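Below is one structure, written out as structure tokens, with a few remarks after it.
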Amino acid sequence: MTALEPRDAVGARTQDDAAAREGVLSRPYRSLSVGIVSVVLLIAFEATAVGTAMPVAARELDGVALYAFAFSGYFTTSLFGMVLAGQWSDRDGPLGSLAAGIGAFAAGLILSGTAGGMGLFVLGRAVQGLGGGLVIVALYVVVGQAYPERLRPSIMAGFAAAWVVPSVVGPLAAGAVTEHLGWRWVFVGIPVLVVLPLALALPQIRRRTRGRTTDTAAPRRRIRAALGIALGAGLLQYAAQDLRPLSLVPAAAGAALLVPTVRRLLPAGTYRAARGLPSVVLLRGVAAGSFVAAESFVPLMLVTQRGLSPTLAGFSLAAGGGTWALGSYVQSRPRMEPYRERLMFSGMLLVAAAIAAVPGVLVHAVPVWTVAVAWAFGCFGMGLVIASTSVLLLRLSAPEEAGANSASLQISDALSNIVLLAAGGAAFAALGGGTVTDTAGAAAASHPAAFAVVFLPMAAVALAGAWVTTRLREHRP
């Protein structure tokens, strides 16, 4: 301290330095961080485990014909939950949405796990999707309100890391539980585990978050739009699952509902990549949709075209969980902040290259292990992009709009998954891809071109995402 420097100024500077050194696991944030990351961990475990138990459940419930609806029902209701959570969180704070979402998620798991028929099972999945939509948006609002801007990249990296262990262990654990205890325990065993993270997080969320708006007209309009987008997405998925001339009717009805409602729910200028927030929301959909649509066909291609067992085909993607978390960690480093847009551009190039490289194994001279390597690099790119879109969205959102904008981000993500999966599935079937639910039948019917027509367009979509990253920074006067 110099002779002319006041003691109070030194004390204030010391407090500022201490605050700057605080991390997401420092005392003020520890309970909140552990609690909300644990919630994401359990949701991730459920998401990766259900796919393993679902075929057995459908067979035992004599509901193979409704198999696809167990997935589409979840995605459809989650879209409605996302919009509802955005309005609820902006008005009253995220606590109510988060608590209701966890309750609905747990109730849906129990309903599916105790179902005596496939109809109740699908209903349980729909209730679960509603809860999942409420939870994910509420967690984003918690991050926006409870953490300073400098810590948000780190907590987003924590969310990504929470998917690593479930992505590797989840299918194996679910397989063991299904084989030795029965598929129902995969569903009914998870709700009990939610109690501890909620006990840690809820008191901190109550203290650190709040609602900000009282307007009721706009939320009502958005809720009506949410019903439209959920119904439109459901009709589109239904049409894509049954390629017949009559399917054009629900497809047209779904598109007629989706187009106007999506325009109301996403920021103005999203589909023309307007600079700033609209491009952030668009990029999230482009990245997630292209990647998920391509990833869904990787195991099927390896099983039917290269003769791998389903377990080995699944392991080809296992390393991606670790590299995704690594990408999220890299973007969270403070020294990387000035280069965030460049990181996202590089990430989308990696995603596009990975998707384009994967169908190379359709040539039998290409080693199968190249898929694992390519997908690991693609997941690293996704780690850079997905966490960064979340960080940028919260930075560009006014406090009173954080919930609605977080909902827009998640809607873009989920809706792109639905649309691009439907498009990819339709193209796959049109070129003789066979059915994805019967591996043996697909092996006999699938043609290599059916896979190429999925991967190559998705690589082009991801490449377009690299251009969108050049539109993220707003022009400043």
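The values are calculated or read from the model by the stated rules, or taken from the named source; none is laboratory data. Because the structure is predicted, anything quoted here is derived from the model rather than measured. Positions of Cβ are generated from backbone atoms using ideal geometry, with glycine treated the same way; all protein chains shown enter the neighbour counts. For the accessible areas, the whole protein counts, side chains as well, though only heavy atoms, and no ligand, DNA or RNA atoms are used. Shrake-Rupley method; radii C 1.70, N 1.55, O 1.52, S 1.80 Å.
May I ask you to compute the full-extension gain from HIS180 to VAL373, defined as 0.36 nm times their residue separation minus their alpha-carbon distance, rounded to one decimal in nm?
Net length gain for the segment: 66.1 nm.
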For this session: Name all residues of segment 123-160 having a backbone nitrogen under 17 Å from the label point set 7 Å from the Cα of GLU341 along its Cα→Cβ direction, giving them as ranges.
Result: none
Problem set entry | Estimated inter-spin distance, ARG221 and LEU246, nm [label 7 Å along Cα→Cβ] | 3.9 nm
For this session: Show me 175-182, 224-231 ranked by packing, highest mean number of other Cβ atoms within 10 Å first.
Result: 224-231, 175-182
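At a Förster distance of 22 Å, what's the computed FRET efficiency of GLU400 paired with ARG264, Cβ-Cβ distance as r, to 0.05?
Working: r = 18 Å, r/R0 = 0.83.
Computed FRET efficiency for GLU400 and ARG264 comes out at 0.75.
Beta carbons within 10 angstrom, averaged per residue: use that to sort the peptides 342-355, 361-374, highest first. Present the calculation step by step, with values, prior to reporting the outcome.
Working: 342-355: 23.0, 361-374: 14.9.
Output ranking for 342-355, 361-374: 342-355, 361-374.
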For this session: Using a 1.4 angstrom probe on heavy atoms only, work out the carbon and sulfur share of the accessible area of segment 90-143 in %.
Result: 74 percent
Seminar exercise, completed: Sorted on mean Cβ neighbours within 10 Å (highest first), peptides 257-270, 131-144, 451-464, 187-200 come out as 131-144, 451-464, 257-270, 187-200
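Could you work out how much longer the chain between ALA253 and VAL363 gets when fully extended? Use 0.36 nm per residue separation minus the Cα distance between them, nm to one decimal. Provide the component values of the computation, followed by the final result.
Values: separation 110, 0.36 × 110 = 39.60 nm, distance 4.02 nm.
Additional length available on full extension: 35.6 nm.
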Exercise. Stretch GLU22-ALA464 to full length: gain in nm at 0.36 nm per residue minus the Cα-Cα span?
Worked result: 155.3 nm
